[in-house]
Amino acid sequence: MPRRPDELRPRLADGALLRHDDVRDVDVLLLPERVVTLNPTGRAILQLCDGSRTLAEICELLERRYSGAAVTADVAAFVDAGTQNGLLR
Amino acid sequence: MSVEPPLALTAELTHRCPLHCPYCSNPVELSADELTTEAWADAIEQASRLGVLQLHLTGGEPLVRDDLEALVDHAARLGLYTQLVTSGVGLDERRALRLAELGLNSVQLSFQAADPALADRIAGRKAHTGKLAAAGAVRAAGLPLIANVVLHRLNLDHVEAIVELCLTLDPQRIELANAQFHGWAFLNRLALLPDREQLDRAAVTYDNLRRRLSGTVELAWVLSDYAERRPKPCMGGWARYALTVAPDGAVLPCPAARSIDTLTFHSIGDRPLAWIWRESAAFNAYRGGGWMLEPCRSCDRRAVDHGGCRCQAFALTGDARRADPVCSLSPDHAAFVRSLGDQGGRLRYRRLGHSSSSKPSAAISRP
């Protein structure tokens, strides 16, 4: 059951490492048996998922960064998928 | 053909190991030679420059090297995601904490069974209690724990108890990996191979556990190639995503590749790692599909499974280009199935200095 945006505080899975891959010039999220390639938006969202910010706060920050574009639905879907796939908890 | 850079390096720091598990995939002829700290640091750095993002520090037992801390530190400075693959023997809280501080990212810890007596019998020494303490040390250091259990004839009836035990250790993931038959495990394959009924019962148990634990802990179940009708895309394709450096510095496309003695493998230090990856004959031997024989060459699954495992094809038929005999389309499949007819028997425990006279030759003879 998805929790409300002002309750959910997503954070990266234990042991996950976010970095830039210089050889392929792409952002990646590294997990024990996985390398996940990120687009710039994915990286921007994951960087804010620190376990203290709520999903609502993350959306607000991103909306400000992307000059007021409505991002809530997209970010919520990304966070939901990331949680299903074990990238976030 | 353009060659993409590798993603992962498996560094087999040593073949020394306190355990003697008969299912070990290390080669039967274990190496006593080991690279120096400087040579390992150089190999890891070259791998990072080549594009490697993940480092698996394994063995043997990597904890027996007292430069493990220095190598973890080095890898962390390069930004590598570093996983320690260990039996846990000798991993106390102090060492786990130190490794975490230096930048280790996760620990994969092996368990042999839930029952201490059976676990120690499989490991060939008393180790089980120490492993439980090691799991505690890993979690106390804040590191994610991956519990890995190799399944076979001796422990497949106890999957539920094994998972229950692992759950008490607060793991991020539990891997139930049915034994693959390389190295020592190949030597012991008839003693390790389960009955079909035993395997089917375990698969049902796993399925129930997976449903019960859904959303809490990640549970992985890997079938043995021997139990499949079609082969797995071994390593995602030969020399495509990963490479291995053996304790003595031999650079291999996978940990078992050295068994293919028709190939010549270079050592780290002989040549730049980038050259070995891109240019060496051994790494290019089974890339793409040009090397394939029938029925793989015209098979509609050739891009899916790449003809299966080259090491398995070599071990079973003596020719690494043949279709993996676990595939029911392979002309060697019937002989392969017959060769497994007489299961059970004595286990041979993994030891350094094992006589080379017992090196297996091709296990099935072709008509």
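The values are calculated or read from the model by the stated rules, or taken from the named source; none is laboratory data. Note that the structure is a prediction, hence the values are computed from the model and not measured. Positions of Cβ are backbone-derived with ideal geometry, glycine not excepted, and every protein chain shown enters the neighbour counts. What goes into the accessible areas is simple: the full protein's heavy atoms, side chains included, and nothing from ligands, DNA or RNA. Shrake-Rupley method; radii C 1.70, N 1.55, O 1.52, S 1.80 Å.
Quick one: which strands (runs of 3 or more DSSP E) lie wholly within the range B:90-200 and hold at least 2 residues that are closer than 24 Å to B:LEU340 by Cα? It would help to see each step written out before you state the result.
Details: elements: B:106-111, B:145-151, B:173-178.
By residue number, B:145-151, B:173-178.
Quick check on A:ARG11: is it open to solvent by 70 Å² or more (accessible area, probe 1.4 Å), out of contact with any Lys or Arg (no Cβ under 7 Å at 6 or more places or on another chain) and within 29 Å of B:LEU102 (Cβ to Cβ)? For A:ARG11, the condition - open to solvent by 70 Å² or more (accessible area, probe 1.4 Å), out of contact with any Lys or Arg (no Cβ under 7 Å at 6 or more places or on another chain) and within 29 Å of B:LEU102 (Cβ to Cβ) - is not met.
Regarding the range B:113-135, can at least one residue be identified that is within 14 Å of chain A (Cβ to nearest Cβ) and surrounded by 23 or more Cβ atoms within 10 Å (Cβ to Cβ)? No, the range B:113-135 contains no residue that is within 14 Å of chain A (Cβ to nearest Cβ) and surrounded by 23 or more Cβ atoms within 10 Å (Cβ to Cβ). A single entry from A:ASP50, A:ASP27, A:ASP21 fulfils the requirement of being over 19 Å from B:GLN172 (Cα atoms) and open to solvent by 10 Å² or more (accessible area, probe 1.4 Å): A:ASP27.
Matching residues to (1) more than 16 Å from B:GLY103 (Cβ to Cβ); (2) among the small types (Gly, Ala, Ser); (3) away from every other protein chain (no Cβ under 14 Å):
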site	(1), (2), (3)
B:LEU35	yes, no, yes
B:ASP42	yes, no, yes
B:LEU50	yes, no, no
B:GLY60	yes, yes, yes
B:VAL64	yes, no, yes
B:LEU71	no, no, yes
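Every listed requirement among (1) modelled with pLDDT of 90 or more; (2) open to solvent by 30 Å² or more (accessible area, probe 1.4 Å) is met by A:LEU55 save one, (2).
Only one of the numbered conditions (1) acidic (Asp, Glu); (2) buried (at least 19 other Cβ atoms within 10 Å of the Cβ); (3) modelled with pLDDT under 95 is not met by B:GLU29, and that is (2).
Of the helices (runs of 4 or more DSSP H) lying entirely inside the range B:274-337, those carrying at least 3 residues that are open to solvent by less than 30 Å² (accessible area, probe 1.4 Å) are B:310-317. Selection of the range B:36-52 for residues being crowded, with 23+ Cβ neighbours inside 10 Å and assigned to a loop (DSSP other than H, G, I, E, B) yields only B:VAL52.
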